[in-house]
Amino acid sequence: MKPYLKHERGNNGRSNGGRGAGAIPNAAPHKVQPVASWRRVLVLCLLCVGATGVFARAFQLQVVENDFLTREGSKRHVRTVTLEGGRGSIRDRRGEPLALSAPVDSIWTVPKALLASTGHVEAIARMLNLKPRDLTQFLKERENKQFVYLQRQMNPDEAKRLLAIKAPGVFAQREYRRYYPAGEVAAQLVGFTNLDGRGQEGMEVAQNKLLTGQSGSRRVIRDAKGRIVEDTEDAKPAQPGQDLELTIDLRLQYLAYRELKNSVSKFNAKGGLIVVADVKSGEILAMASQPGYNPNNPDERKVGGALRNRAIVDSFEPGSTVKPLLIAQALDIGAVKPDDHYDVGPGWWKVGALTVRDTHSHGDMDLMSILTKSSNVGAAKIGLQIGPEAVWNGYQKFGFGDPIHSGFPGEASPVLRNFREWGTIATATASYGYGLSLSSMHLVRAYCGLANDGLMPQLRLVKSGEPVAPQRTVSAETARQVRRLMQGVVSKEGTASRAAIPGYRIAGKTGTVHKVSDTGGYASKRYQSAFIGMVPAEHPRLVGLVLIDEPGEGGYFGGLVAAPAFSTVMQGALRLLQIPPDEPMPVIPATQPAGSIARLGTGGGTAEVLR
């Protein structure tokens, strides 16, 4: 047997080619095949394509889509925090606050972050007086959002306790809440804002642009849980809104509000209003409406009738309150004289198909008697004497055809048809205040014209701005003559003896108007009762109007329902403004018993004062 040779073959079982033990003689040597050149080219091409793709993608990301990617990254880590601009305050003419903004905190969350911690969801729910399952459902419905309010305008102390829980994704945002220190006293005039600080009613919406501040912002970097970890230098400071100064005096406003509310309650009326104005400047010193509401209570803001500022947005037929203006026009054009007399007959007078009626038979009457007794027949005879064009022109001069331009939202427009559309009946009814409509502000403005010696000022609710030049209505002498005639209304014989104020002469006029029926015509038992007057009568400083809507108990005549409220409010205003009396106070005998009633003279009339 041939012995086993350990090294008979080389590595891999191949012949060693005679170079070692066991080599096979004459074996051909192994030749290595070279790599084909096309393979190298293919590999290089593939590498070039790959490198080109990488560079192209890098260019796209770094150059083409850089802004987009930066924004997307910022959405996840960079936030823009809004800095709320404080809303300007509203104050009265003496600086007393009527509307202020106080800092509060609104709690917001990133739903996904909060949902990740069930225990914190339950704790937050308890703090917000919610059921945990309700809060969980609320968050799940908004899970993909990055900002969701949990509660708006929370008390800062309560917000601090809530944040102390350190729930993930829960934060506070500083906002401002509107407060109204005067409450119901000035509610319809001042108005209110919504949760976002935008005016909704009253001067809050009328002057919203002025009051609204400009929001600022700052950019911050947040971590994955939404916490601020760094402030950037990109910040814009907030700008607060401007303050608004109204013409009203809160002291007079409170007097007007209190007395109006008492009167509406006493006579079980549907509502009412009071307006007090400065004769020279036309500034409104008080403006109250009933029914009212508390603007600090959101639930009361939903009562539609209580929101209306009746003095501006409501219109009515002025009734007998226009008679002094009619007589002023007749005197000014020379159609009548102060000592003219009119036979008003048995208390009624036929004008075509219309029967003009008085409450009593007065027979022969002069101009003062026509105003003192408020004779419709006498007014109709004067109106027909001077003619429709003159009556219409007189009302136009006193501003019955023009807007007030108060700037207040919803201001009522007057309705005064052209005299060419009037017939005999329309002329007669217009002479005692029917067939035309206007707002309380129109009537106050017209009486300011009489009180200011024929120069009618532009009424104002805001102190800022240049006053508008007054408009000439009648001559100064005519205005003085009419004021003297009007003093009889507040005398013992007049329809408004209850409007008297001890120590002051009052010139005024009552008005008792049938309201329009829902079915057409005039309602027989629905009235608006008014009194408007000026004080002191010789040199007036103030004009005041009281209107009670649909008194239900205790009478309905303006002299009975509205005049007492006028007396109370204006007496307080005269005292607060330190306007001196224009009539000597009578000397009270020392022997007069305590608790008796003294009768004090007031321009030919009397006023009862409980002593």
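If the requirement is being out of contact with any strand residue (DSSP E or B) (no Cβ under 6 Å at 6 or more places or on another chain) and either basic (Lys, Arg) or modelled with pLDDT of 90 or more (or both), which of these qualifies: Lys270, Lys236, Lys209?
Lys209
Name the single residue that is nearest to Leu455 (Cα to Cα) among those in the range 273-316 being among the basic types (Lys, Arg) and in contact with a strand residue (DSSP E or B) (Cβ under 8 Å, 6 or more places away or on another chain).
The selected residue is Arg310.
For every residue, the table says whether it meets (1) under 30 Å from Asn208 (Cβ atoms); (2) surrounded by fewer than 19 Cβ atoms within 10 Å (Cβ to Cβ); (3) in the same structural domain as Ser375 (by TED's automatic domain parsing); (4) out of contact with any helix residue (DSSP H, G or I) (no Cβ under 7 Å at 6 or more places or on another chain).
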{"site": "Glu411", "(1), (2), (3), (4)": "yes, yes, yes, no"}
{"site": "Arg417", "(1), (2), (3), (4)": "no, yes, yes, yes"}
{"site": "Tyr432", "(1), (2), (3), (4)": "no, no, yes, no"}
{"site": "Tyr447", "(1), (2), (3), (4)": "no, no, yes, yes"}
{"site": "Asn452", "(1), (2), (3), (4)": "no, no, yes, yes"}
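Mind checking which residues of the range 484-539 are part of a loop (DSSP other than H, G, I, E, B), touching a strand residue (DSSP E or B) at 6+ places or on another chain (Cβ under 6 Å) and not charged (D, E, K, R)?
Ser491, Thr495, Ala496, Ala500, Pro502, Ile506, Ser517, Pro536, Ala537
Give me the pairs, please: first residue somewhere in the range 46-73 and over 30 Å from Gln146 (Cα atoms), second residue anywhere and at pLDDT below 85, beta-carbon distance under 6 Å, and either six or more positions apart or on two chains.
Once the first residue is over 30 Å from Gln146 (Cα atoms) and sits in the range 46-73, no partner that is at pLDDT below 85 comes close enough.
Considering only the range 525-547, state which residues are touching a helix residue (DSSP H, G or I) at 6+ places or on another chain (Cβ under 6 Å) and more than 29 Å from Pro580 (Cα to Cα).
Ser529 - this is the single residue of the range 525-547 that is touching a helix residue (DSSP H, G or I) at 6+ places or on another chain (Cβ under 6 Å) and more than 29 Å from Pro580 (Cα to Cα).
Is one or more of the residues making up the range 383-390 touching a Ser or Thr at 6+ places or on another chain (Cβ under 7 Å) and of a type in the set (A, V, I, L, M)?
Taking every residue of the range 383-390 in turn, at least one turns out to be touching a Ser or Thr at 6+ places or on another chain (Cβ under 7 Å) and of a type in the set (A, V, I, L, M).
Of Gly401, Gly407, which residue is under 25 Å from Lys381 (Cα atoms), modelled with pLDDT under 95 and assigned by TED's automatic domain parsing to the domain that holds Gly465?
None of the other options fit; the residue is Gly401.
If I ask for residues that are among the charged types (D, E, K, R) and either modelled with pLDDT of 95 or more or outside the structural domain of Leu455 (by TED's automatic domain parsing) (or both), which ones from the range 281-306 would you list?
Glu283
Which condition breaks for Phe531 when tested against (1) out of contact with any Asp or Glu (no Cβ under 8 Å at 6 or more places or on another chain); (2) surrounded by fewer than 24 Cβ atoms within 10 Å (Cβ to Cβ); (3) within 22 Å of Val569 (Cβ to Cβ)?
(2)
Could you list all residues from the range 464-479 that are more than 30 Å from Asp92 (Cα to Cα) and crowded, with 16+ Cβ neighbours inside 10 Å?
Answer for the range 464-479, where residues must be more than 30 Å from Asp92 (Cα to Cα) and crowded, with 16+ Cβ neighbours inside 10 Å: Thr473, Val474, Thr478, Ala479.
Quick one: which helices (runs of 4 or more DSSP H) lie wholly within the range 83-199 and hold at least 1 residues that are more than 25 Å from the chain's Cα centre (by Cα) and either of a type in the set (A, V, I, L, M, F, W, C) or farther than 20 Å from Thr212 by Cα (or both)?
111-115, 118-127, 132-141, 156-163
Need pairs with beta-carbon distance below 8 Å; first residue closer than 14 Å to Arg301 by Cα and within the range 186-197, second of a type in the set (Asp, Glu) and in a helix (DSSP H, G or I); sequence gap 6+ or separate chains.
Val190/Glu204; Gly191/Glu204; Phe192/Glu204; Thr193/Glu204
For the condition over 23 Å from Ser567 (Cβ atoms) and at pLDDT 95 or above, what is the one hit in Val474, Val468?
Only one candidate qualifies: Val474.
Just wondering, is there one or more residues in the range 549-571 that are modelled with pLDDT of 95 or more, out of contact with any Phe, Trp or Tyr (no Cβ under 6 Å at 6 or more places or on another chain) and in a strand (DSSP E or B)?
Checked the range 549-571: at least one residue is modelled with pLDDT of 95 or more, out of contact with any Phe, Trp or Tyr (no Cβ under 6 Å at 6 or more places or on another chain) and in a strand (DSSP E or B).
The values are calculated or read from the model by the stated rules, or taken from the named source; none is laboratory data. It should be emphasised that the depicted structure is a prediction, and the values quoted were computed from it without experimental measurement. Because the Cβ atoms are built from the backbone with ideal geometry, glycine has one as well, and the counts that use them run over all protein chains shown.
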